[in-house]
């Protein structure tokens, strides 16, 4: 059966109560995200540190840090510290997107921010001591750098991740927001270009609603999408409500069947899921039901 991990883009205040429950339910990872809405967190590394301090087994990390807003050396230092605090449990996920508000993007962007590939190369060079400026991480360091994940919808980014021997996370939900359909060819591009040690490692991320009945799950999805159009943006080519369709929705067994089909379609052995809910108890119950479904 496909391994499950979890991510959250909303309600960071629930982290301290949610993540221990995810660990107890057997989830492999918990990834925090970087968004700037009223109910979201713009500090995924900080959320990761909180999640890691409350758990002992589950992997914690980011999906991802918006690299255009970070100094690569400072990010390497912060990531090395997290790896030393949570040995073999930290994942550094990177994304290249920008904030949708120009004034926020301009305030946060650093020189050279548009060249994400160059910033990725610089970050990796600080880890292994090959930076052209001679700098490297000299503060608290882990025995080895953390795994680096590229989180992207872009074929070029997928190829670049493969060429660098990095790991790759692909969302099957977000393409809908661009009027597109998720494509297995993106993961094929990553795998075909992979030149690192070992085998390529890819996951897909997905979002949906799980509840005790199919009707309750459909109602929860409809309520959440209409209540928060920042996250669930209406666009063309959608379901009858005008919003993106969930990747999974229904009872735990129905959701698990849908997720297994996704895993088979994209050829992955791990799915990173988000169960939407406006209530913490219902969200925890959804994750637990999903983990226990067969």
Original post:
Which whole-number percent is the relative contact order of the range 43-200 (Cα, under 8 Å, 6+ apart)?
Top reply: 21
Original post:
Between Rg and the Kirkwood Rh of the range 4-73, both from Cα atoms, what is the Rg to Rh ratio?
Top reply: 0.97
Original post:
Taking Cα atoms of the chain, Rg/Rh with Kirkwood Rh, to two decimals?
Top reply: 0.95
Subject >> Spin-label pair residue 100/residue 50, simplified geometry with 7 Å Cα→Cβ offset, distance in nm >> reply: 2.4
Original post:
Taking only Cα atoms, what is the 0 to 90° angle, nearest 10, from helix 116-128's long axis to the longest principal axis of the chain?
Top reply: 60
**OP:** Translational diffusion coefficient, Stokes-Einstein: compute it for the range 49-118 using the Kirkwood radius over C-alpha pairs as Rh, at 10 °C and 1.306 mPa s, and state it as an integer in µm² s⁻¹.
**Re:** 120
**OP:** Determine the gain in length on full extension of the stretch residue 181-residue 139; use 0.36 nm per residue of separation and subtract their C-alpha separation, reporting nm with one decimal.
**Re:** 10.7 nm
Original post:
What FRET efficiency do you get for residue 192 and residue 261 if R0 is 30 Å and r is their Cβ-Cβ distance, rounded to the nearest 0.05?
Top reply: 0.80
Subject >> Using alpha-carbon coordinates, inclination of helix 252-266 to the longest axis of the chain, degrees >> reply: 40
Original post:
Along each of its three principal axes, how wide is the spread of alpha-carbon positions in the range 64-164, in whole angstrom units, largest first?
Top reply: 39, 27, 27
Original post:
Which shape class applies to the range 103-217: rounded if a/c is under 1.5, otherwise prolate when a/b exceeds b/c and oblate if not, where a ≥ b ≥ c are the square roots of the Cα gyration tensor eigenvalues?
Top reply: prolate
Subject >> Nearest-ten-degree value, helix 214-227 long axis tilted from longest Cα axis of the chain >> reply: 60
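222 nm [θ] for the chain, helices only, -39500 (n - 2.57) per DSSP H run of 4+, per residue, to 500?
Using -39500 (n - 2.57) per qualifying helix, the result is -12000 deg cm²/dmol.
Can you tell me what the convex hull of the Cα atoms of the range 1-118 projects to on average, as an area in nm²?
8.0
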Subject >> Residue with peak Gaussian network fluctuation, the chain [Cα springs, cutoff 10 Å], from 48, 251, 213 >> reply: 213
Subject >> Paramagnetic reach from residue 223 in the range 243-260 [backbone N under 15 Å; point 7 Å along Cα→Cβ] >> reply: 250
**OP:** Provide the FRET efficiency to the nearest 0.05 for the residue 155-residue 281 pair, computing r from the beta carbons and using R0 = 35 Å.
**Re:** 0.30
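Coordinate-derived values only; no laboratory data. The structure displayed is predicted, hence computed values, not measured ones. Note: ideal-geometry Cβ built from the backbone for every residue, glycine included; neighbour counts use all protein chains shown.
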